[in-house]
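Accompanying notes for the structure given below.
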Amino acid sequence: MRIGIFTETYTPYISGLVTSEVMLKHALEKEGHTVYVVTANIESFKYEYDEKEKVLKIPGFPTGIYDSRLTSIYPVRAAKMIKSWHLDVIHSQTEFAIGTFARIIAKQYNIPLVHTYHTMYEDYIYYVTKGYFEKSSKKLLEYFTKFYCDTTATELIVPTTKTYKLFTEKYKFNKNIHIIPTGIEVERFFTENIKQAEENNLRKRLNLSKKDFIIIFVGRLAEEKNIEFLINSQKEINKKYKNIKLLIVGDGPDKEKYESLTHKLKLDNNIIFTGKAAWNDMPYYYHVSNVFATASKTETQGLTVIEAMASGIVPVCLEDEAFQSMVTDKLNGLFFKNNKEYEDIIFDLYENRKKLEWYDKQARIQSEHYSSKNYADRVLEVYKRAIKEKESEYRYGFISKIYKEIKRRFK
């Protein structure tokens, strides 16, 4: 099968979405499929095509939102190249400029279009509107989402039940919806694939002792991730245990804000900001840690939760539907509703290491359900369905045209 993945962001940009896209491409290629990627060029204003990796980068203008670029919705040069690929299916990963381009190409060349809806945009509206015009903004967003996911897509993929309910209960979506939790290359996080020397080197760089008990957060340092919750709880945690530390891995627009809060609360010795971590180094950050924590309310799934579980690290999450498809409370992870519950969970895990080890083992077992192969196989089934739907649509249209022509001639 010849597959085109259209996305706004791809490597070298680092995000959960990029991780899932790279994983999907590699997993599909391992099964013998040819996979092309169409994305925005975040490094220059040039067209670039990597023949070996089959990645086409389209120039665009900076949006001011992280490293994203706004490209033309129909770059002619790119369209000509894509035509020569003879794609069997297009898989769109975005609703914006590159996503619009994917839809135009799919329509122009009669290619089935599969779309994955990754982001719960309604959770982010407040950060844009600041409370103004929120009702009208949500209505506009609903129209925008339904147009891109219903009118133009042959099949729709969502990662969680939370997203599924948004489409079925609120948006009254009337096309096929496939719930497929995003997979990752879980094997690279497994303990047996970790080099002890590398782990020891990271401990030294972070100035961690064997007595330290490490809570890790991994993600973008922005308001929607609710990192302030973890920092404020850390103050209460350290009143009881001085050797419990919070490791914050990532970068983002609010990094200075969180560093200032940490300094204000006099937690500089107990909260470590690492900045961006290299892709190859990520497994080691989990393996120097004891617990993974997130208080985010805006996830559609949370790939870092799966990474933590694959590393044999118990996830401790704010109670939210996005995490409930992966984490079963008191089996392979734990949920909290407020700061007090979160702090009590940390104390319990710190004081009961055998219980912690049991949770870690269960987390590792659960993570294997999210392997890249399992994910790719399920996505492939959707591709096949989309191709079949498109063929049926074409046959129906062809027969309909003949019928209309016969009626016209024998009037």
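I want to verify the translational diffusion coefficient of segment 1-57 in µm²/s; compute it with Stokes-Einstein, Rh as the Kirkwood radius over Cα pairs, at 20 °C and 1.002 mPa s. Intermediate values should be presented prior to the final figure.
Working: Rh = 11.6 Å.
Roughly 184 µm²/s, to the nearest whole number.
For segment 295-336, what does the alpha-carbon gyration tensor say about shape, rounded, prolate or oblate, given a ≥ b ≥ c as the root eigenvalues, a/c under 1.5 as rounded, and a/b over b/c as prolate? Taking the square roots of the gyration eigenvalues as a ≥ b ≥ c, segment 295-336 is oblate. Using only alpha-carbon positions in segment 157-229, the gyration tensor eigenvalues give semi-axes of 39, 19, 8 Å once each is multiplied by 5 and square-rooted (largest first). Could you tell me which of the pairs K175/K255; K30/K165; K297/K330; K204/K255; K52/K255; K170/K257 are separated by over 29 angstrom between their Cα atoms in the structure shown? Result: K175/K255; K30/K165; K52/K255; K170/K257 exceed 29 Å. Return the carbon/sulfur percentage of the accessible area of the chain, one whole number, probe 1.4 Å, all protein chains in place. That fraction is 52 percent.
Per-residue 3J(HN,Hα) values for segment 308-322, derived from phi via the Karplus relation 6.51 cos²θ - 1.76 cosθ + 1.60 with θ = phi - 60°, read 4, 5, 5, 7, x, 10, 5, x, 10, 10, 4, 5, 7, 4, 4 Hz in sequence order (x marks Gly and Pro). Mind checking Rg over Rh on segment 203-246, alpha carbons, Kirkwood formula for Rh? Answer for segment 203-246: 1.01.
Take 189-200, 378-389, 315-326, 252-263 and order them by the average number of nearby Cβ atoms within 10 Å per residue, most first; the result is 315-326, 378-389, 252-263, 189-200.
Once the convex hull of all Cα atoms in segment 289-390 is built, its volume per residue stands at 95 Å³. Starting from the Cα gyration tensor of segment 1-100, take the square roots of the eigenvalues, sort them a ≥ b ≥ c, and report rounded, prolate or oblate (rounded when a/c is under 1.5, otherwise prolate if a/b is larger than b/c, else oblate). Taking the square roots of the gyration eigenvalues as a ≥ b ≥ c, segment 1-100 is oblate.
Before rounding to the nearest 500, sum -39500 (n - 2.57) across all DSSP H runs of length at least 4 in the chain and divide by the residue total; then give [θ] at 222 nm in deg cm²/dmol.
Rounded to the nearest 500, the figure is -13500 deg cm²/dmol.
Average accessible surface for the chain: 50 Å² per residue, computed with a 1.4 Å probe over protein heavy atoms with every protein chain in place. Selection among S311, H263, T71 by position relative to the dipole of the chain gives T71 as farthest towards the positive end (Cβ unit charges, Cα centre). Over all alpha-carbon pairs in segment 199-287, figure out the percentage whose distance exceeds 16 Å. For segment 199-287, the fraction of Cα-Cα distances above 16 Å is 51 percent.
Taking every Cα-Cα distance in segment 191-344 and sorting them into 10 Å bins starting at zero, the pair-distance distribution P(r) comes out as 11, 43, 38, 8, 0 percent. Per the Debye calculation on the chain with a single equal scatterer at every Cα and no solvent contribution, log₁₀ I(q)/I(0) for q = 0.10 Å⁻¹ amounts to -0.73.
The values are calculated or read from the model by the stated rules, or taken from the named source; none is laboratory data. Since the structure is predicted, the reported quantities are computational estimates derived from the model, not experimental observations. Because the Cβ atoms are built from the backbone with ideal geometry, glycine has one as well, and the counts that use them run over all protein chains shown. The accessibility values were calculated without ligands, DNA or RNA, using every heavy atom of the protein model including side chains. Shrake-Rupley method; radii C 1.70, N 1.55, O 1.52, S 1.80 Å.
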